[in-house]
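Worksheet: the structure to be examined is printed underneath.
What follows draws every value from the coordinates through simple rules; no lab data is involved. This one's a predicted model, so the numbers in the text were calculated from it and none came from an experiment. Cβ: placed from backbone, ideal geometry, glycine included. Neighbour counts: every protein chain shown.
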Amino acid sequence: MKSNLQLLRSMMFVPGHNEKLIDSAAKSTADALIFDLEDSVQPDSNKLLARNVIVERSKEKQFDRFQKFVRLNEIETDFFLQDVLQVTQGNIDGFLLSKTNTKEDIQYLDNLLTSIEKERKLEVGTFTIIPILESALSIVNINEIAVSSKRIIALGFGSEDYVSDIQGVRDFETNQSITFPRSLVPIVARAYGLEAIDAAYIKVHDLEGLDRHLQTGKVLGYGGMWILHPKQNDPANEVFSPTEQEYKDSVEFLRLYEEAKKINKGVAIIEGKFVGPPLITKSKDIIARVELIEKRKNHFNN
């Protein structure tokens, strides 16, 4: 499937009502900021304040270098509709739909966003969607969810709510309770050309554990993860970036591929190296990712 490459190595949550933490987030190295309207905004009386803060702060120039998302309250709550109607007035790129369970959840949000875009004379599709898969039902319905809207740019996994939903036990040593869904999410995401966002690592001061979490995520096929603390951004950015050797190998594979085409071969052994479509596709993705990272660095420095 053709990839719609996104640079979402580090997606950091920040409470939508906490201006001190929002100020701190502006100085972070995250690729994306997630202004939260859900779990971190307590008591519920702070929801309105959070919406107002997000609308105003998201327009500030200092946040232009980030992709900006809002995590919405669940569709079933009384907050959801006002969340969407109000924060779409800010400078927001897209939305995280917490506890996405079915394709209908996504389609409801999609239709609502389309109505808002048409009313405000915005291009349809301006706002993107990332479903958060954090329940047994969401994993059962993952394929339908993944193709339910053209707005979807990534699938995200939520481990803690998932384990709670299946009445399992969270074991950070073996990770048995999350092995299956954590492996499945990037498979489905890549099948449909989407990015895959790994679960947060909740032990924010355990950097050794974070590294193990990140390395496993990369092996499984994730391209980024949810970030709970600024100190997690740099490790995530490093792990989810191609290494210098991976980049050099990719450039070399493309050179060898051009040589193979000259002798009319789709696959070949050239200079002792196998050259074929799977490696070429991966090489092109790595080079494109490096180009996005360089663009991000330039934006960060300006």
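Here the chain is treated with +1 on each Lys and Arg Cβ and -1 on each Asp and Glu Cβ, and its dipole about the Cα centre works out to around 1140 debye.
Rounded, prolate or oblate: pick one for the chain, where a ≥ b ≥ c are the square roots of the eigenvalues of its C-alpha gyration tensor, a/c under 1.5 means rounded, and failing that, prolate if a/b is larger than b/c, else oblate.
The shape class here is prolate.
Of the trypsin sites (Lys or Arg not before Pro) found in the stretch 79-164, those that fall in a DSSP loop while having at most 10 other beta-carbon atoms within 10 Å are Arg120, Lys121. Rounded if a/c is under 1.5, else prolate if a/b beats b/c, else oblate: with a ≥ b ≥ c from the C-alpha gyration tensor eigenvalues square-rooted, which is the stretch 161-241? It is oblate, given that a/c is not under 1.5 and a/b is not larger than b/c.
The modelled label-to-label distance for the pair Arg120/Arg65, using points 7 Å beyond Cα in the direction of Cβ, is 2.6 nm.
Reducing the stretch 83-108 and the stretch 65-81 to their Cα centroids gives an inter-centroid distance of 5 Å.
May I ask for the distance between the Cα centers of the stretch 201-216 and the stretch 27-49, given as a whole number of Å? When both Cα centres are located, 22 Å separates them. Per residue, the average separation of C-alpha pairs within less than 8 Å and at least 6 apart gives the stretch 1-66 a relative contact order of 35 percent. Helix 207-220 and the longest principal axis of the Cα set of the chain meet at an angle near 60°. Once the Cα atoms are used to define both axes, helix 277-301 deviates from the longest principal axis of the chain by about 50 degrees.
Under 5 Å between amide hydrogens, built in the peptide plane, is the criterion, and for Leu133 it picks out Gly156, Phe157, Gly158 among residues at least 5 positions away or on other chains. For the stretch 10-239, relative contact order (Cα pairs under 8 Å, six or more residues apart, normalised by length) works out to 18 percent. Taking the DSSP bridge list for the chain and keeping only pairs wholly inside it, about 10 percent are antiparallel.
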